[in-house]
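Some notes on the structure that comes next.
The values are calculated or read from the model by the stated rules, or taken from the named source; none is laboratory data. None of these values were measured; they are calculated from a predicted model. Cβ placement follows ideal geometry from the backbone for every residue including glycine, while neighbour counts extend to all protein chains displayed. To get the accessible areas, we keep the full protein, side chains included, count just its heavy atoms, and leave off ligands, DNA and RNA. Shrake-Rupley method; radii C 1.70, N 1.55, O 1.52, S 1.80 Å.
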Amino acid sequence: MTLPFKALSTTLIGGVVFLLPLIVVLVVLGQAMALVSQVAAPLAAMLPQRNIGGVAVATLVALALVLGLCYGAGLLARAAIGRALSENFENRLHALYPRYTVIKAMTQGLAGEGGTVVMKTVLVTFDDHQLLAMEAERLDDGRVVVFLPGSPDPWSGNVVLVEPQRVQPIRDDVTALNRSLKGLGRGSAALMRAA
């Protein structure tokens with residue numbers, strides 16, 4: 001009886017984690033539309049036509065203003081000051097929510113801004129065994145920073161520094177690794193074929 005409850009609660013929590021960012025974005029956009037509508041109404045009143053295709057001109061003006069603000073924010077994010085602000089925000093987010101890095105890697109298909117890889121799936125060789133892992137970065141001295149996720153909970157694990165000859169890349173993504181770890185190793189054969 002506890003197994004169905006656990007499956008139900010895990011699925012429910014997974015749904016909340018999936019929907020929460022979407023809900024936050026929709027709420028923020030809704031608030032932005034409400035705020036910008038106050039500016040758009042006087043602008044729309046200056047136009048001779050009140051409706052276009054059944055949609056109020058004030059709404060269209062507000063939408064155009066929000067899209068313009070988003071475009072401007074995107075330009076700012078690409079500028080040096082925007083990247084610094086974004087990096088500062090991400091560093092704080094990492095401290096508050098450690099799973100952010102893994103979620104970001106999974107949702108971006110392992111590619112960050114400009115196509116740079118966020119996390120790579122790798123096979124790490126130790127003295128008498130090998131572990132599936134994620135490569136986080138390479139240090140100036142050549143060592144590799146690797147996250148060794150746990151199983152069946154890949155969200156927890158250890159970070160280790162290893163020599164580069166111990167790290168073998170796997171041509172599969174973090175999502176496949178995550179599925180294998182949650183399945184207590186089932187699906188590892190496909191990962192090894194990609195090694």
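Restricting the first member to segment 18-45 and to residues that are hydroxyl-bearing (S, T, Y), and the second to residues that are open to solvent by less than 80 Å² (accessible area, probe 1.4 Å), the beta-carbon pairs closer than 8 Å and six or more apart or on different chains are S37/A58; S37/T59; S37/A62. Within segment 160-171, is even one residue loosely packed, with under 10 Cβ neighbours inside 10 Å and modelled with pLDDT of 85 or more? Within segment 160-171, one or more residues are loosely packed, with under 10 Cβ neighbours inside 10 Å and modelled with pLDDT of 85 or more. Scanning segment 37-53 for residues that are open to solvent by less than 60 Å² (accessible area, probe 1.4 Å) and modelled with pLDDT of 75 or more, which turns out farthest from V66 (Cα to Cα)? Across segment 37-53, the extreme among qualifying residues is A41. Among the residues of segment 154-182, which ones are in contact with a Leu (Cβ under 8 Å, 6 or more places away or on another chain), free of Cβ contacts under 8 Å to residues at least 40 places away in the same chain and not hydrophobic (A, V, I, L, M, F, W, C)? Passing the criteria: G157, N158. The listed residues are E113, E87, and the only one of them that is charged (D, E, K, R), closer than 30 Å to R138 by Cβ and modelled with pLDDT under 75 turns out to be E113. For segment 161-180, filtering for residues that are outside any strand (DSSP E or B), more than 21 Å from G14 (Cβ to Cβ) and not β-branched (V, I, T) leaves 6.
Taking every residue in segment 123-139 that is of a type in the set (F, W, Y) and pairing it with any residue that is at pLDDT 85 or above and open to solvent by less than 50 Å² (accessible area, probe 1.4 Å), at least 6 positions away or on another chain, the pairs with Cβ-Cβ distances below 9 Å are F126/V162.
Among the residues of segment 133-160, those that are farther than 19 Å from G14 by Cα and not hydrophobic (A, V, I, L, M, F, W, C) comprise E135, E137, R138, D140, D141, G142, R143, G157, N158.
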